[in-house]
Amino acid sequence: MKLCSLSLAFPILWRLLFGSPLPFGCMFQFPLVTYALIRADIVYYETVCHARPYVVVGILVLAALLTPPDIVSQLILGVPTYLLFEAGLLAARRFKKR
């Protein structure tokens, strides 16, 4: 019985460590960055609200580029990112009222 060599295991380990967790982690930071930019008055809340359709398309395109080519993975990344984006906008609107 032949043991698995490092040259065969490295691509698998690389994909497990950086293939899925890294894109998911980066995408889930997007709403936090949006909230921080609005709170720091670098980007205005109204501007982000008017650009919402473009943000949705951008999220879906990035989800398609960062995940394997199946729709389930793309939706698993895209839908929570959009919901977190909306939560960031709600938090920014609450901050704006104060």
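The values are calculated or read from the model by the stated rules, or taken from the named source; none is laboratory data. Note that this is a predicted model, so its numbers are computed, not measured. Here the Cβ is made from the backbone with ideal geometry for all residues, glycine too, and neighbour counts use every protein chain on show.
Of all residues in the stretch 13-54, which are of a type in the set (Val, Ile, Thr) and either at pLDDT below 65 or within 11 Å of the chain's Cα centre (by Cα) (or both)? Steps first, please.
Quick first cut of the stretch 13-54, residues of a type in the set (Val, Ile, Thr) only: 33-34, 38, 42-43, 47-48.
Listed by number, the list holds a single entry, Val33.
Any chance you could count how many residues in the stretch 70-95 are surrounded by 13 or more Cβ atoms within 10 Å (Cβ to Cβ) and at pLDDT below 85?
Of the residues in that region, 1 qualify.
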